[in-house]
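Colleague: One structure, as structure tokens, below. Some questions next.
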Amino acid sequence: MSAGAASPEELEAMLEDACLLNDTSFLSLLFDVDAVLLARGTSQVRGRAAIANVIIGQLRDGGSYVAAPQLVMQSGPLALIISDAAISVARRNLDGWHYVISRLDL
């Protein structure tokens, strides 16, 4: 499985897969190096490893994530992704799309 998504929608599907598999290493690669995350019951965390640890912790506490984007707005290398469980901004770089800012309700 490649870490670079071809589209913002594919990035969402990859996040769901990583969550289902509890795959910390793959999960971290879906986020930009300097990404920031706000998850239910936490303060903001920065960086791939910290983000992956928070998400996996939430999943272990009974959380789940289903990719169901209701709105994807794209402008050049940026995309806004809105669903019932998340609001995220993703950025496209040379190896595909990665989250840069995310608010997840797991």
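The values are calculated or read from the model by the stated rules, or taken from the named source; none is laboratory data. Because the structure is predicted, anything quoted here is derived from the model rather than measured. Every residue, glycine among them, receives a Cβ derived from its backbone with ideal geometry; neighbour counts consider all protein chains shown. With ligands, DNA and RNA removed, areas are computed over all heavy atoms of the protein, side chains included. Shrake-Rupley method; radii C 1.70, N 1.55, O 1.52, S 1.80 Å.
Colleague: Please name all residue pairs, on different chains or six or more residues apart, with Cβ atoms under 8 Å, provided the first residue is in the stretch 48-62 and is closer than 19 Å to I101 by Cβ and the second residue is assigned to a helix (DSSP H, G or I) and among the hydrophobic types (A, V, I, L, M, F, W, C).
Modeller: Taking only residues 6 or more apart or on different chains, the pairs are R48/L29; I51/L27; A52/L27; I55/C19; I55/L27.
Colleague: Okay, next question. Only one of these is basic (K, R) and more than 22 Å from N22 (Cβ to Cβ): R91, R60, R40, R103. Name it.
Modeller: The unique qualifying residue is R91.
Colleague: Any idea how many residues of the stretch 70-90 are touching a Ser or Thr at 6+ places or on another chain (Cβ under 6 Å) and open to solvent by less than 50 Å² (accessible area, probe 1.4 Å)?
Modeller: Number satisfying all stated conditions: 2.
Colleague: May I ask you to list pairs of residues, at least six apart or on different chains, whose Cβ atoms are under 8 Å apart, with the first in the stretch 92-106 being over 13 Å from L78 (Cα atoms) and modelled with pLDDT of 95 or more and the second being of a type in the set (K, R) and open to solvent by less than 10 Å² (accessible area, probe 1.4 Å)?
Modeller: none
Colleague: Which ones in the stretch 70-106 are part of a loop (DSSP other than H, G, I, E, B) and in contact with a helix residue (DSSP H, G or I) (Cβ under 8 Å, 6 or more places away or on another chain)? First the steps, then the outcome.
Modeller: Within the stretch 70-106, the subset part of a loop (DSSP other than H, G, I, E, B) is 70, 76-77, 83-85, 94-95, 105-106.
S83, L106, listed by residue number.
Colleague: Follow-up. Restricted to the stretch 10-32, and to residues that are more than 19 Å from D105 (Cβ to Cβ) and among the charged types (D, E, K, R), which residue is least open to solvent (accessible area, probe 1.4 Å)?
Modeller: D32
Colleague: A further question on this structure: Quickly run through the stretch 33-53 and pick out the residues that are part of a strand (DSSP E or B), more than 12 Å from the chain's Cα centre (by Cα) and surrounded by fewer than 17 Cβ atoms within 10 Å (Cβ to Cβ).
Modeller: V33, D34, R46, listed by residue number.
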